[in-house]
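Okay, structure first, notes after.
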Amino acid sequence: MLQFDNRFLRTFPGDASAAPHSRQVHGAIWSHVKPTPVSAPQLIAYSIEVAQMLGISESALQSSAVVSALAGNATLPGMETYATVYGGHQFGNWAGQLGDGRAILLGETVSPSGARFELQLKGAGPTPYSRRADGRAVLRSSIREFLCSEAMHHLGVPTTRALSLVLTGDRVERDMFYDGNPELEPGAIVCRVAPSFLRFGHYEIFASRGESALLRTLVDYTIATYYPAINNAYIAPGERICAWYGEVCERTAELMADWMRVGFVHGVMNTDNMSILGLTIDYGPYGWIDNFDPGWTPNTTDAQGRRYAFGRQPGIAQWNLARLGDALATLEDVSTDALAASLARYEHAYGAAITRAYSAKLGVSHWVDDEGDLLDELFALFGEAEIDMTLFFRALCRATNAEALSETFYSPEAWRSLSARVQRWFARLDAQVLRENPSAEARAARVAAMLRANPKYVLRNYLAQQAIDAAHAGDFTQIDRLLEVMRRPYDEQPEHESIAAKRPEWARVKAGCSMLSCSS
Ligand code: AMP
Ligand code: MG
């Protein structure tokens, strides 16, 4: 059974009041808050890998005591429930206090192997940070968060995990299209799991309020707990903070390269949605690239500015890191020059990580030949026609001629008009492959390595939406099927070939498949 050791609560000052009403909380990082009970909890999906990681058996997970806890109706021995305060820059502007408005922590577990994880219920009712919202989450967004957390993990992308998906039995009112027509939708709760849910916004809020002592405690705690190598370095405290910030910059750079290599678009990269551990966090109106389009955003709220579009993510992460740096600069022994030097590590780390990623995707170490840059030409081709990113790179692994790539084009006419250029591009790549791999064995090894770098299965927007539509009709089996397939995204799974299909035409404009609102 789960063992709890709630170190975070012990380390930091808490809110004097345990009342649930919305308020500004000063001089504290957390508030005690109890989840609001729900009427008929039902465990509709769970991740067995996360259960194992925590040391809970499948039968224990399904027991009524544990399901009650995952629904917020009861606590298990050792659990203490609380919400934390954070702020954030939303769409480029400082938004003041935000906080866990619908996330309630259950405490920290220590697994049998000694690994520590925080458990957090998303959608378990109001907290002091809910502002005017209800603290709840709907089934559709909960299915999306549950599935994508696990899909990302299996793709090898750092992320918060999802233990369980519970249907509450209660209805939640949402105006999905923001058009004045709210509807009652089924409510759900996801139990998220991560070593820490700390965000850039946690540091920003204390800096903005001049609460330097709290900021200092939080920074020291973060370094000591999650960055032990830096904690043990013999350097002055201010320098240690800059060194740690440089590490956060590098981890974030690696995360961005991961998102860009798999075609993931977060959709709401506000600083309150940036993990201090470099994890993907807060799955809202995220989406997956079907045709490779750097200007695409899944988020309807961002349709005008496209601030958080696919191709802008690396630059936005850097901007967000600069805001974290601003917060750290308020500490008196932290030098702004040293912070700037640490932030400069971002660009370098991103460049190295994305180069590694594309080298693996193309299966070559160098892509500049006498004619020019092969990758530039590929991105130019992606800009000329709708070409499916996932299918293109997967087909490229085994392609022996350019024709093998034709199916990855969304329109046959586009393929016909571009095929000569694609053939030229493919011939150049092929020549490079031969230069780098003179032997047949080396070329076979290249194919095998490429198959491990180019996933066959990603959680395409329309797939998640189909599982949501089925769940609304009472059929939860598609959630399990998608989870099953997404466990092995780099493997051929002939029985699930249809899940690797490109976006069908009907999904181009359907809500949930093409664009999503933040209503969740
Ligand atoms: P997001 O950008 O969706 O991650 O959320 C921004 C802020 O709004 C966070 O502080 C959330 O906790 C809060 N929030 C979002 N939805 C709700 C809700 N239904 N009830 C309470 N707070 C919410
Ligand atoms: Mg958030």
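Projecting the Cα atoms of GLY246, GLY96, PRO35 onto the charge dipole of the chain, computed from C-beta unit charges around the Cα centre, puts PRO35 farthest toward the positive end. With a cut-off of 11 Å between beta carbons, the residues surrounding PHE200 carry a summed charge of -1, where Lys and Arg count +1 and Asp and Glu -1. Once all protein chains are placed together, THR252 keeps about 0 Å² accessible to a 1.4 angstrom probe. In terms of Cα to Cα distance under 23 Å, which lysines are near enough to LYS122, apart from those fewer than 8 places away along the same chain? Leaving aside lysines fewer than 8 places away in the same chain, those within reach of LYS122 are LYS34. Evaluating kT/(6 pi eta Rh) at 10 °C and 1.306 mPa s, with the Kirkwood radius of the chain over Cα pairs in the Stokes-Einstein relation, gives 66 µm² s⁻¹. Surface analysis of the range 202-361 yields an accessible area of 34 Å² per residue, using protein heavy atoms and a 1.4 Å probe. For trypsin sites (Lys or Arg not before Pro), the sites in the range 47-132 that DSSP calls loop and that have at most 16 other Cβ atoms within 10 Å are ARG131, ARG132.
Please list, by residue number, everything in the range 448-466 whose backbone N is under 16 Å from a paramagnetic label point 7 Å out along Cα→Cβ of TRP506. Answer for the range 448-466: 461-466.
Roughly how much of MET53 is accessible, in Å² to the nearest 10, using a 1.4 Å probe? MET53 exposes around 60 Å² with every protein chain in place. Once all protein chains are placed together, LEU215 keeps about 0 Å² accessible to a 1.4 angstrom probe.
Please give the calculated 222 nm ellipticity per residue for the chain, where each DSSP H segment of at least 4 residues contributes -39500 (n - 2.57) and the sum is spread over every residue; nearest 500 deg cm²/dmol? Taken over the chain, the calculation gives -13500 deg cm²/dmol. Over the range 333-417, the ratio between the Cα radius of gyration and 2.2 N^0.38 Å evaluates to 1.52. All C-alpha to C-alpha distances of the range 285-343, sorted into 10 Å bins beginning at zero, yield P(r) values of 21, 36, 21, 19, 3 percent in whole numbers.
With a Förster radius of 22 Å applied to the C-beta separation of SER498 and SER411, the computed FRET efficiency comes to 0.55. Excluding the sites themselves, what is the longest stretch of the chain that contains no GluC sites (Glu not before Pro) in a DSSP loop with at most 11 other C-beta atoms within 10 Å? Longest site-free region, per DSSP loop and neighbour criteria: 1-331.
The modelled label-to-label distance between ASP326 and ALA404, using points 7 Å beyond Cα along the C-beta direction, is 5.0 nm. Shown here: the range 257-382, whose C-alpha atoms stretch 53, 36, 23 Å along the first, second and third principal axes, sorted largest to smallest. On a straight-distance basis, which lysines could pair with LYS456 in a cross-link, Cα separation under 19 angstrom, same-chain partners fewer than 8 positions away excluded? Cα-Cα hits under 19 Å: LYS361, LYS502. Taking Cα centre as origin and charging only the Cβ of basic (Lys, Arg, +1) and acidic (Asp, Glu, -1) residues, the dipole magnitude of the chain rounds to 460 debye. I'd like the carbon and sulfur percentage of the solvent accessible area for the range 7-197, probe radius 1.4 Å, heavy atoms only, ligands and nucleic acids excluded. The nonpolar share, carbon plus sulfur, comes to 53 percent. Cα centroids of the range 163-227 and the range 405-456: 42 Å apart. The range 7-197 has equivalent-ellipsoid semi-axes of 24, 22, 17 Å, by the square roots of 5 times the alpha carbon gyration tensor eigenvalues, sorted largest first. Set the Cα radius of gyration of the range 175-305 against 2.2 N^0.38 Å, with N its number of residues, and you get 1.31.
The values are calculated or read from the model by the stated rules, or taken from the named source; none is laboratory data. Computed from a predicted model, the values in this text were never measured in an experiment. So basically every Cβ, Gly included, is an ideal-geometry build from the backbone, and we count neighbours across all protein chains shown. Remember, those area values only see protein heavy atoms, side chains included, never the ligands or the DNA or RNA. Shrake-Rupley method; radii C 1.70, N 1.55, O 1.52, S 1.80 Å.
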